[in-house]
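Below you'll find the structure, written out as structure tokens, and then a few comments.
The values are calculated or read from the model by the stated rules, or taken from the named source; none is laboratory data. Quantities reported herein were computed from a predicted structural model and do not represent experimental measurements. In this analysis, Cβ positions are derived from the backbone assuming ideal geometry, glycine residues included, and neighbour counts consider all displayed protein chains. When the accessible area is computed, the model is the full protein with side chains, heavy atoms only, and any ligands, DNA or RNA have been set aside. Shrake-Rupley method; radii C 1.70, N 1.55, O 1.52, S 1.80 Å.
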Amino acid sequence: MNFLDLIWLIPLIPLCGAAIMLLFGRNLSKQAISIISPGAVFLSLVLSAGAVLQLSALPEKVHQVVLFEWLPLLKADFGFMLDPLSSVMILVVTGIGFLIHVYATGYMAHEHGPRHGGFYRFFGYLNLFVFFMLTLVLGNNYPLLFVGWEGVGLCSYLLIGFYFHKKSAGDAGKKAFVVNRIGDAGFILGMFFLFQVTGSLKFTEVNDALHSARFSPEVGTFGILSLTAVLLFIGATGKSAQLPLYVWLPDAMEGPTPVSALIHAATMVTAGVYMCARSNALFALTPETSHIVAAVGAATAIFAASIGLVQNDIKRVLAYSTVSQLGYMFVAVGVGAYWVAVFHLYTHAFFKALLFLGSGSVIHAMSGEQDMRKMGGLKDKIPVTFRTMFIGSLAIAGIPGLAGFFSKDEILWQTWSSPLGSKMLWVVGFMTAAMTAFYMWRLMFMTFYGEGRMDEHTKHHIHESPKSMTVPLMVLAGGSVCAGWIGMPKVFGENGFMQGLEHWLGPVFESGKEAAHAVAGHGTAIAEHGGANHDTSVEWLLMGLSTGVALAGIFLARHIYLRMKEAERPTGGALYPVLLNKWYVDELYDFLFVNGLSKGGGTLMAEFDRKVVDGGVNGTAWLTRMTSRVSMWYDTWIVDGLVNLSAFTVRAMSYPVRFFQTGFIHSYALVFLGGVLAIFGYYWWVQ
């Protein structure tokens, strides 16, 4: 079977699953829904694996399937492209997505209502989410990517607000939708600028245009290419939750836990990183923009990590962790290490899905409780959940041998060694690593260790989750251990398998490397991993420091939350309420935008509408009425008057004529006879 020519089926099958769920799911049993919906994603996973395997045998490592002409003006067909980058993404989306679907069959089994309405609707939205994400990563042009981009935004709105009877869930869904529209406006403008400067929006043609002699690196300047890159990055800040548009993602936890796992690990938030990596040729030509990307990523990483230090909701800790880890990915993009950003995206998908699903298993055992202050002592009561989350927490902390260690340390090395990086970026990443280890093991110690702090009723009902939930946890735990080994740094050796991911992604980022060489001719360069000046001793030292600080964070959390009594624990001083209230950013946004614009600004706009807009309309109406009155007077007395005067004049002049024009023949004969006699009389008189 030629899987490459069937890549269009990869997104189509989940779409069919969504259609079945949303149109006919009311008439299906829960068992049928639990087979059809995960089964659709599994079929896409099989097709994805087959297509990637066949792609590896192609010398060009790219295959496109065009279904029909779509937007000829923008040179964008409705077509799909499989290359090394999109192949990694579809395996992550379908693989992690399938495990989340399986987990959800157990987690959402309690959904009830008229014909289990919530159950089939939930799986319909999940399948639709996967369809749009696969469309996003497989599309061969920016407009088709944007279709998927908007689609995942729609699905996030539907799934975050799934429990629409809860005001907090509805508000969170609306918040995600509105914030993402701000970023999307930048993305749309970026696409227009890109089309203006390159003449196309097809990925291959855009890259070819950027390679040509028409464009040179914008070093030390901020030209049209830099503006285009910034606008695209604004879109990424909304979708991938970076400062200042990150505020929607922590609230996304209002949706069911499988939704949180899908958004935070396999879909939605990875879209911005993917788009920037796909646009590597553009970003490589705009080092000034790359500095902005790296700075925003670093600021987001440490900012979100600081908030995660003190949060008490188990899912909210993980939500801020996702924001922080996405910041790491954008740091890698900003320093030109595009493949490392994708590497961390890939490893993060395993341990973040594991941690979110594990937290869902904890919540399931705790009868819906999410406050870690009411947990504790769960280690032996839900052992599978504990062991798998233990592995996931080690992975995200960056403990050697696990997936997170390889990708996180590669990012830190690139920030240190790349000319687009800086020592300050490394320091921020280093401090973030320490915070990550601390807040994750604070979560573990508060949840699983010590004495139970739950009420007696909850304590007697604690139980391990069903196999439909624990088996995906075990698979993800295996991935959290092994996933990083295909992208190990070269400092560990020149084994081909170890650097497999870097070599696999190489053709996609070749354009970025060529642009980097062009940048090098203008006084700067993007360091290539493993170059001639690669100092292994420095890399080993930095790796040791990051491992040491991770272990220090774990032991500090252990000391505070296991060894110290609650009354003895440090309060954090004046900074604690600031962190607990998330630096008051939401309150600031409420003051400036929600209350400021909707109330004060709304009142101002209402006055403007009443006095200016409506005043202008009413003034126009008054002017129209006055003009009509003048026109009526002119028509009555001038136009009609002239016409009537002409009629009167003609009528007055008609009186002498009417004396002769009687209409009687004998009168005309008499006049004729009189005329003849007059003529003869005249001649007689003259003679």
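Within the set ALA169, ALA104, the sole residue that is at pLDDT below 95, open to solvent by less than 10 Å² (accessible area, probe 1.4 Å), more than 21 Å from SER240 (Cβ to Cβ) and in a helix (DSSP H, G or I) turns out to be ALA169.
Criterion first (in a helix (DSSP H, G or I) and at pLDDT 60 or above) does ALA516 satisfy it? So ALA516 does not fit the description; no. Taking the options ARG121, ARG26, name whichever one is farther than 25 Å from GLY360 by Cβ, of a type in the set (Lys, Arg) and in a helix (DSSP H, G or I). Criteria check complete, one pass: ARG26.
Within region 290-304, the set of residues being surrounded by fewer than 24 Cβ atoms within 10 Å (Cβ to Cβ), touching a Phe, Trp or Tyr at 6+ places or on another chain (Cβ under 8 Å) and either free of Cβ contacts under 8 Å to residues at least 24 places away in the same chain or not aromatic (Phe, Trp, Tyr) (or both) comprises ILE292, VAL296. Looking only at region 429-451, decide whether some residue is over 22 Å from VAL475 (Cβ atoms), in contact (Cβ under 8 Å) with a residue 40 or more places away in the chain and out of contact with any helix residue (DSSP H, G or I) (no Cβ under 8 Å at 6 or more places or on another chain). Within region 429-451 (the criterion being over 22 Å from VAL475 (Cβ atoms), in contact (Cβ under 8 Å) with a residue 40 or more places away in the chain and out of contact with any helix residue (DSSP H, G or I) (no Cβ under 8 Å at 6 or more places or on another chain)), the answer is yes, since at least one residue qualifies. Residues in region 186-195 that are touching a residue at least 24 places away in the same chain (Cβ under 8 Å) and surrounded by fewer than 23 Cβ atoms within 10 Å (Cβ to Cβ): GLY186, ILE188, LEU189, MET191, PHE193, PHE195. Identification of helices (runs of 4 or more DSSP H) wholly contained in region 577-673 with 1 or more residues that are under 60 Å from the mean Cα position of the chain (by Cα) yields 585-589, 601-607, 614-633. Of all residues in region 351-386, those satisfying the criterion of being in contact (Cβ under 8 Å) with a residue 24 or more places away in the chain, open to solvent by 30 Å² or more (accessible area, probe 1.4 Å) and within 19 Å of THR105 (Cα to Cα) are HIS364, SER367, VAL384.
Remark: pairs (first residue in region 139-162, over 17 Å from ASP251 (Cβ atoms); second residue open to solvent by 10 Å² or more (accessible area, probe 1.4 Å) and of a type in the set (Ser, Thr, Tyr); Cβ separation under 8 Å; 6+ apart in sequence or on different chains) = ASN140/THR204.
Just one of (1) modelled with pLDDT of 85 or more; (2) under 30 Å from PHE448 (Cα atoms); (3) hydroxyl-bearing (Ser, Thr, Tyr) fails for THR571. It is (1). Residue check: GLN242 meets all listed conditions (1) more than 29 Å from PHE78 (Cα to Cα); (2) surrounded by fewer than 18 Cβ atoms within 10 Å (Cβ to Cβ); (3) modelled with pLDDT of 95 or more but one, namely (2).
Inclusion of ALA109 among residues that are in contact (Cβ under 8 Å) with a residue 24 or more places away in the chain and part of a loop (DSSP other than H, G, I, E, B) is warranted. In the set ALA236, ALA271, only one residue is under 30 Å from GLN64 (Cα atoms), open to solvent by less than 10 Å² (accessible area, probe 1.4 Å) and touching a Gly at 6+ places or on another chain (Cβ under 7 Å); that residue is ALA236. For MET389, the stated conditions hold: it is surrounded by 24 or more Cβ atoms within 10 Å (Cβ to Cβ) and in contact with a Phe, Trp or Tyr (Cβ under 8 Å, 6 or more places away or on another chain).
Counting only residues that are free of Cβ contacts under 8 Å to residues at least 40 places away in the same chain and among the charged types (D, E, K, R), region 397-428 holds 1 of them.
Among the residues of region 574-594, some residue qualifies, meaning at least one is surrounded by 11 or more Cβ atoms within 10 Å (Cβ to Cβ), of a type in the set (S, T, N, Q) and at pLDDT 85 or above.
Residues in region 393-421 that are part of a loop (DSSP other than H, G, I, E, B) and out of contact with any helix residue (DSSP H, G or I) (no Cβ under 7 Å at 6 or more places or on another chain) were compared, and the one that is farthest from THR347 (Cα to Cα) is PRO419. Taken over region 145-166, the residue count meeting the criterion of being of a type in the set (A, V, I, L, M, F, W, C), out of contact with any Leu (no Cβ under 8 Å at 6 or more places or on another chain) and open to solvent by less than 10 Å² (accessible area, probe 1.4 Å) is 2. Annotation: SER226 fulfils all but one of (1) open to solvent by 10 Å² or more (accessible area, probe 1.4 Å); (2) closer than 15 Å to PRO287 by Cβ; (3) touching a helix residue (DSSP H, G or I) at 6+ places or on another chain (Cβ under 7 Å); the unmet one is (1).
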